[in-house]
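Since the structure comes first, as structure tokens, the remarks are kept for the end.
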Amino acid sequence: MSADAAEEQRLTDAVVARIADAPDPRIRETLQALVRHMHAFVREVRPSEAEWATAIDFLTRTGQMCDDRRQEFILLSDTLGVSMLVDQINHGRDGAGTETTVLGPFYVANPPLCANGDDIARGLAGEPLFVEGQVRGQDGAPLANAIVDVWQSDDQGRYDLQFDDPDMFFLRGRFRTDSEGRYAFWSIMPRSYPIPSDGPVGALLGAAGRHPYRPAHVHFRIEGAGCDPLVTHVFVSGDEYLGSDVVFGVKDSLIADFERRARTTPLAGTSIERPHRYLRYDFVLARARGEAATG
Ligand code: BEZ
Ligand code: FE
């Protein structure tokens, strides 16, 4: 090893050793790993001082872009695939339960509770969509009284939160499953859309030769007694961005056919004669960690 390489390694070892007495073992382990990986990154990339200043400026602008409505650091994590990696580590199902994806920045807790069959488009223009399905536990039993939170973009790929008007509210709702674990609602077809790309993360995507689009999807967050809350999306099959989602959120099991239909007979009711798209999607909630199996 050259003297210069040895000095580089001595620096890394000195910083790692300086953290060795951190009182909290988790903080110690995390910080030491951070230092080792960051130093390895810098030794591999060997940035010029100007390049390092550019990196610091990028992170500074990323922080300055954040406020109550915009979280540029989460977008950075999303677009580098880190959010999905953290999701996979925490919610890997190994086949038990519906697969998960990121929550995203457009979730709003506690939207109004709707009755099954209500229309969350509330008069918004678009191609009508009827969505229904059943929520079950890992043991296969239907979950009554599960809370099914849904939100999605409009037919232009916009969420209500993206309008400057705080009174703007559309395409969200909360449903309670019936005694058979069923939920149902009317909506309109969502559309693929670009994530907010007018900030540093958008510039980074451009520099990497990447587009900013997510394939069309409907978001779900489902809570049932004794189960892990499920955060996921259902993606529209055939969307041009399924293979290149900017946040790496697509999993094959979450791609569904939004059928074209002239008439539908909901699981729980009488026929509805009206041309529309139809999605049936059933969810399986994994048992909460620490809950004993009963079946
Ligand atoms: C979303 O699907 O709403 C979303 C997720 C991650 C980043 C931006 C948007
Ligand atoms: Fe979304």
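Provide the convex hull volume over Cα atoms per residue for the chain, in Å³.
Working: hull volume 52.2 nm³, N = 295.
Value for the chain: 177 Å³ per residue.
Say we join alpha carbon atoms closer than 10 Å with springs in a Gaussian network model of the chain; which of ASN145, ASN116, ASN90 then has the biggest fluctuation?
Maximum fluctuation in the GNM of the chain, among the listed residues, is at ASN90.
Quick one: which of 9-15, 153-159 comes out on top by average Cβ neighbours within 10 Å, and what's the full order, highest first? Display every interim value, and only then the final one.
Working: 9-15: 12.9, 153-159: 17.9.
Going from most to least packed, we get 153-159, 9-15.
State to the nearest 20 debye the size of the charge dipole of the chain about its Cα centre, where the only charges are +1 on K and R beta carbons and -1 on D and E beta carbons.
On the way: 31 positive and 44 negative charges, 111 e Å.
With Lys and Arg at +1 and Asp and Glu at -1, about 540 debye.
Have a look at the stretch 3-46 and give its Rg and Dmax from the Cα atoms, expressed in angstrom.
11.3, 35
Relative to the compact globular guide of 2.2 N^0.38 Å, what is the alpha carbon radius of gyration of the stretch 200-278, as a ratio?
Values: Rg = 17.2 Å, N = 79, 2.2 N^0.38 = 11.6 Å.
Normalised Cα radius of gyration, the stretch 200-278: 1.48.
Using a Gaussian network model on the chain with a 10 Å cutoff between Cα atoms, which of PRO212, PRO275, PRO25 fluctuates the most?
In the Gaussian network model the winner is PRO25.
To the nearest 20 debye, what is the magnitude of the charge dipole of the stretch 3-46 about its Cα centre, counting +1 on the Cβ of each Lys and Arg and -1 on the Cβ of each Asp and Glu? Write down the numbers at each step before the final one.
Details: 7 positive and 8 negative charges, 21 e Å.
So the magnitude is around 100 debye.
Name the residue farthest towards the positive end of the dipole of the chain from the options VAL42, VAL131, THR100, assuming +1 on Cβ of Lys and Arg, -1 on Cβ of Asp and Glu, about the Cα centre.
Value computed over the given set: VAL131.
If you take the charge dipole of the chain about its Cα centre, with +1 on Lys and Arg Cβ and -1 on Asp and Glu Cβ, which of GLN152, GLY269, SER197 is farthest toward its positive end?
It is GLY269, whose Cα lies furthest towards the positive end.
Going by how many other beta carbons lie within 10 Å of each one, how would you line up ILE27, ILE147, fewest first?
Numbers: ILE27 11, ILE147 17.
In order of increasing Cβ crowding within 10 Å: ILE27, ILE147.
Rank ILE74, ILE56, ILE195 by mean-square fluctuation in a GNM of the chain with C-alpha springs under 10 angstrom and give only the top-ranked residue.
The residue that fluctuates most here is ILE56.
What is the antiparallel percent of DSSP beta bridges lying wholly in the chain, to the nearest 5? Mind showing how you got there, number by number?
On the way: 33 of 44 bridges.
Among the beta bridges of the chain, antiparallel pairing accounts for roughly 75 percent.
Every number in this text was worked out from the coordinates using simple rules, so none of it is lab data. Fair warning: this is a prediction, and the values are worked out from it, not measured in the lab. When we count neighbours, we look across all protein chains shown, and the Cβ atoms used for this are built from the backbone with ideal geometry, even at glycine.
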